[in-house]
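All remarks here apply to the structure that follows.
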Amino acid sequence: MEQKKLKHIAIECIEPNPENPRIVFRQEELDSLLVSINKIGVQVPISVYQEGDKYFIIDGQRRFLTCKKLNHKTIPAIVQDKPSELDNLLLMFNIHALREQWDIFTIAMKIPRIKKLFRKRNGFDPTESELSQETGLTRGTIRRCNMIIDLPERFKDLILEELKKPKSKQTFSEDFFLEMERSLKTIKRRYPSFETRLDDARDILIEKYKTSVIPAITDFRKLSKIATAPGNTGIDRNIAEKAIETALFNINIGIQEIYENTVANKYNERKFLLNVDNFAYYLENLTEEEIDDSEIKDALVKIKSIIDKLLIEED
Amino acid sequence: MEERYDLKEKDTINTFPTAISWNPDLLWESKTHYIALEISDIGPFRPTIEIAFGQITLKELPVKIYVAYPKNANQPKDSYQKDLKSAKNYGIGIISVDDNNNFITEIEKDPVSIPLVINEIDYSIFKKQICPTLRECYATYMNGNPQMGLQRMYQLIESKIRKLGDQAIINNLLTTGGYSKGDRSYSLGNLIDDLMRQRIISNAVLGRCRGFVDDRNNVSHEAKTKMEAIKIEKNTKDNFKLALRILEELPAAFANKNYRF
């Protein structure tokens, strides 16, 4: 391997790395760097590889953009050997994704290409675990990426537009779509009859979120709970199906309201019974020493009196 | 922007002709000025302008800067006010873009060429009675109309000198020259000469008034080239500062000789 060299390279000879998954660089992220580089210059050289008379950035795109903005003529850079296509892409992940909080969308958009290059190199598709090892991303992140990849194109365009805005101004974050997709996946698995209508449902759910009929993205978790309620709480499947129909297609009713009116009580009851089971198990396994402990004894007397009172009231 | 400054496609340039630590998002070159536009994600100011401001001023480069920002960015109020103040202090033009409403743009404030920028005036050193007019002059000057701001300063000084002339006539102290009380058609330059000849108040202050009146004509015509713009802008700024100095000194000079300001 050739020895790596430190050079001062003319800004106009440098190009962003075509494999860099980051598409959006928000101003708020660049501003502090701008002030620092203007004050003390570039303290850490960027890394580049050379191809013809151009240099492509491996690491340091924000420093490069900042220097360009500050009209610097050159930038200090370490020239590395040109990596293979797959290595170049994986370098982007290993250098950046672990160091910075990347938008999940930008990562997701590069996953299919990594899979393709991996297949070309190894002759087989990578498993989730292999992808995780190669990219340094957790398996959970890869699963989330797959969910984004499977979204209809119009929603991907919407996410990209949102990402260009400052964080505070983003309405439809990636998290919104991830929460929505998770709940729709649960519905699809349990009620296949909805499958062909899910795309229409997405538009309605987006509208409901826009108009605050769905006020929080965590409400989608309740939609999943409605879908799994027949199995978890024993409520009638038809009731759950009807509730899902309303949640997905009635523009005026929020998920929370439907949840409260259908399955909330059943879930509370289930939670209560589970707690009682745990408590009963604990009581049955109390040692004599513990029973003699005055604090525990007081607590047990208190519980007994509450239970006695409740049962007498019932009689 | 093209319409406002009669710019053509060929007038778009990539960078300033001289080393300035800033590449604006859009830059045009008109006959008399460089017009720079910086796009902001949030508020009506950018730190890049703060960085470049000193260099542009030092090199007397005639640059007018606009910041375009999204009107519905929901910027926190404090931070918005801070940006707005900076934009005012640096003489920056503001364009808001209503991105929720089909990208309607509105010029909220016009810029002033950077070398013309004057720091906020310390009003505490002036007579209270002229402060409202001074504020108005400064705002006009910094909001894209420096000539008009200077013109208003001229009118303020003229009214004070004529008032002095009238009082001197009443006191029978102004006996040479052709000025008569309330004669608005009598040349201000000649009136100052008359006042100086009879040492009505400090000749040092009146001498500065005379210089100010003479120089006013040098800045009142429109520049046709950048070189002319640089010269005119330098004179405009110097004259505005001179006017401020005169208005600071005149009340004491009046009072020394028992004239009402």
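For the condition touching a Gly at 6+ places or on another chain (Cβ under 9 Å), more than 14 Å from chain A (Cβ to nearest Cβ) and charged (D, E, K, R), what is the one hit in B:8, B:64, B:82, B:31?
B:64
Please find, within segment A:134-146, the residue that is farthest from the chain's Cα centre (by Cα) out of those that are under 20 Å from residue A:91 (Cα atoms) and surrounded by 14 or more Cβ atoms within 10 Å (Cβ to Cβ).
A:134
With respect to residue B:246, determine if the residue is assigned by TED's automatic domain parsing to the domain that holds residue B:163, assigned to a helix (DSSP H, G or I), touching a Lys or Arg at 6+ places or on another chain (Cβ under 6 Å) and crowded, with 19+ Cβ neighbours inside 10 Å.
Yes; evaluated as a whole, the condition is true for this residue.
If residue B:45 satisfies all but one of (1) touching a residue at least 40 places away in the same chain (Cβ under 8 Å); (2) within 14 Å of chain A (Cβ to nearest Cβ); (3) farther than 22 Å from residue B:139 by Cβ, what's the number of the condition it fails?
(3)
Quick check on residue B:18: is it within 14 Å of another protein chain (Cβ to nearest Cβ), more than 22 Å from the chain's Cα centre (by Cα) and within 17 Å of residue B:230 (Cα to Cα)?
Judged against the criteria, residue B:18 is a match.
Out of all the residues in segment A:33-58, which are touching a strand residue (DSSP E or B) at 6+ places or on another chain (Cβ under 8 Å) and either outside the structural domain of residue A:71 (by TED's automatic domain parsing) or not in a strand (DSSP E or B) (or both)?
Within segment A:33-58, A:42, A:45 meet the criteria.
Of A:179, A:134, A:130, which residue is assigned to a helix (DSSP H, G or I) and without any contact (Cβ under 8 Å) to a residue 40 or more places away in the chain?
From the options A:179, A:134, A:130, the qualifying one is A:130.
Looking at the structure I just gave you, is residue B:113 of a type in the set (Gly, Ala, Ser) and surrounded by fewer than 18 Cβ atoms within 10 Å (Cβ to Cβ)?
When the stated conditions are applied, residue B:113 does not pass them.
Give the residue that is farthest from the other protein chains (Cβ to nearest Cβ), with candidates limited to residues of segment A:59-78 that are crowded, with 20+ Cβ neighbours inside 10 Å and part of a helix (DSSP H, G or I).
Filtering segment A:59-78 for residues that are crowded, with 20+ Cβ neighbours inside 10 Å and part of a helix (DSSP H, G or I), the one farthest from the other protein chains (Cβ to nearest Cβ) comes out as A:63.
If you take the residues of segment A:5-32 that are at pLDDT 90 or above and part of a helix (DSSP H, G or I), which of them is surrounded by the fewest Cβ atoms within 10 Å (Cβ to Cβ)?
A:12
For segment A:19-54, which residues satisfy the criterion of being β-branched (Val, Ile, Thr) and within 22 Å of residue A:113 (Cα to Cα)?
The answer is A:23, A:24, A:48.
One residue is enough: does segment A:190-203 have a residue meeting the conditions among the aliphatic types (A, V, I, L, M), at pLDDT below 95, surrounded by fewer than 17 Cβ atoms within 10 Å (Cβ to Cβ) and in a helix (DSSP H, G or I)?
Yes, segment A:190-203 contains a residue that is among the aliphatic types (A, V, I, L, M), at pLDDT below 95, surrounded by fewer than 17 Cβ atoms within 10 Å (Cβ to Cβ) and in a helix (DSSP H, G or I).
Being among the hydroxyl-bearing types (Ser, Thr, Tyr) and within 14 Å of chain A (Cβ to nearest Cβ) is the filter here; which residues of segment B:85-112 pass it?
The one that is among the hydroxyl-bearing types (Ser, Thr, Tyr) and within 14 Å of chain A (Cβ to nearest Cβ): B:86.
For the list (1) in contact with a strand residue (DSSP E or B) (Cβ under 9 Å, 6 or more places away or on another chain); (2) among the hydrophobic types (A, V, I, L, M, F, W, C); (3) in a loop (DSSP other than H, G, I, E, B); (4) more than 26 Å from residue A:29 (Cβ to Cβ), I need the number of the one condition that residue B:35 fails.
Only one criterion in (1) in contact with a strand residue (DSSP E or B) (Cβ under 9 Å, 6 or more places away or on another chain); (2) among the hydrophobic types (A, V, I, L, M, F, W, C); (3) in a loop (DSSP other than H, G, I, E, B); (4) more than 26 Å from residue A:29 (Cβ to Cβ) is unmet by residue B:35, namely (3).
Please pick out the residue among A:244, A:214 that is β-branched (Val, Ile, Thr), part of a helix (DSSP H, G or I) and either assigned by TED's automatic domain parsing to the domain that holds residue A:102 or surrounded by 18 or more Cβ atoms within 10 Å (Cβ to Cβ) (or both).
Matching residue, one of A:244, A:214: A:244.
What are the residues in segment A:147-171 that are within 14 Å of chain B (Cβ to nearest Cβ) and buried (at least 16 other Cβ atoms within 10 Å of the Cβ), if any?
A:162, A:163, A:165, A:166, A:169, A:170
Please go through segment A:33-54 and give me each residue that is buried (at least 19 other Cβ atoms within 10 Å of the Cβ) and within 14 Å of chain B (Cβ to nearest Cβ), ordered by number.
Listed by number, the residues that qualify are A:34, A:37, A:38, A:42.
Restricting attention to segment A:226-241, report how many residues are part of a helix (DSSP H, G or I) and either surrounded by fewer than 20 Cβ atoms within 10 Å (Cβ to Cβ) or polar (S, T, N, Q) (or both).
Adding up the residues that qualify gives 9.
Those residues that are of a type in the set (A, V, I, L, M) and surrounded by fewer than 17 Cβ atoms within 10 Å (Cβ to Cβ), I need them from segment A:247-263; list them, please.
Once the filter is applied, which keeps residues that are of a type in the set (A, V, I, L, M) and surrounded by fewer than 17 Cβ atoms within 10 Å (Cβ to Cβ), segment A:247-263 yields A:251, A:253.
Per-residue answers, yes or no, for (1) within 15 Å of the chain's Cα centre (by Cα); (2) assigned by TED's automatic domain parsing to the domain that holds residue A:232:
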residue: A:132; (1), (2): no, no
residue: A:155; (1), (2): no, no
residue: A:183; (1), (2): yes, yes
residue: A:203; (1), (2): no, yes
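Can you tell me how many residues in segment B:80-99 are assigned to a helix (DSSP H, G or I) and surrounded by 17 or more Cβ atoms within 10 Å (Cβ to Cβ)?
Residues that pass the stated criteria total 6.
Does residue B:191 fit the bill of being assigned to a helix (DSSP H, G or I) and free of Cβ contacts under 8 Å to residues at least 60 places away in the same chain?
yes
Condition check: in contact (Cβ under 8 Å) with a residue 24 or more places away in the chain and in contact with a helix residue (DSSP H, G or I) (Cβ under 9 Å, 6 or more places away or on another chain). Does residue A:243 satisfy that?
no
I'm trying to understand the selection: among the residues of segment B:67-79, which are surrounded by 16 or more Cβ atoms within 10 Å (Cβ to Cβ) and either at pLDDT 90 or above or away from chain A (no Cβ under 13 Å) (or both)?
If the condition is that a residue be surrounded by 16 or more Cβ atoms within 10 Å (Cβ to Cβ) and either at pLDDT 90 or above or away from chain A (no Cβ under 13 Å) (or both), then B:67, B:68, B:69 are the ones that fit.
Taking only pairs six or more apart or across chains, which ones have beta-carbon atoms under 8 Å, a first residue in segment A:70-89 that is farther than 30 Å from residue B:15 by Cβ and free of Cβ contacts under 8 Å to residues at least 12 places away in the same chain, and a second residue that is in a loop (DSSP other than H, G, I, E, B) and among the hydrophobic types (A, V, I, L, M, F, W, C)?
Nothing qualifies.
Where the second residue is hydrophobic (A, V, I, L, M, F, W, C) and the first is in a helix (DSSP H, G or I) and lies in segment B:159-175, which pairs have Cβ atoms under 6 Å and are six or more apart or on separate chains?
Taking only residues 6 or more apart or on different chains, the pairs are B:160/B:250; B:165/B:191; B:168/B:174; B:168/B:200.
The values are calculated or read from the model by the stated rules, or taken from the named source; none is laboratory data. Note that the structure is predicted; figures quoted are calculated from it, not measured. All Cβ positions, glycine included, derive from the backbone under ideal geometry; neighbour counts span all protein chains shown.
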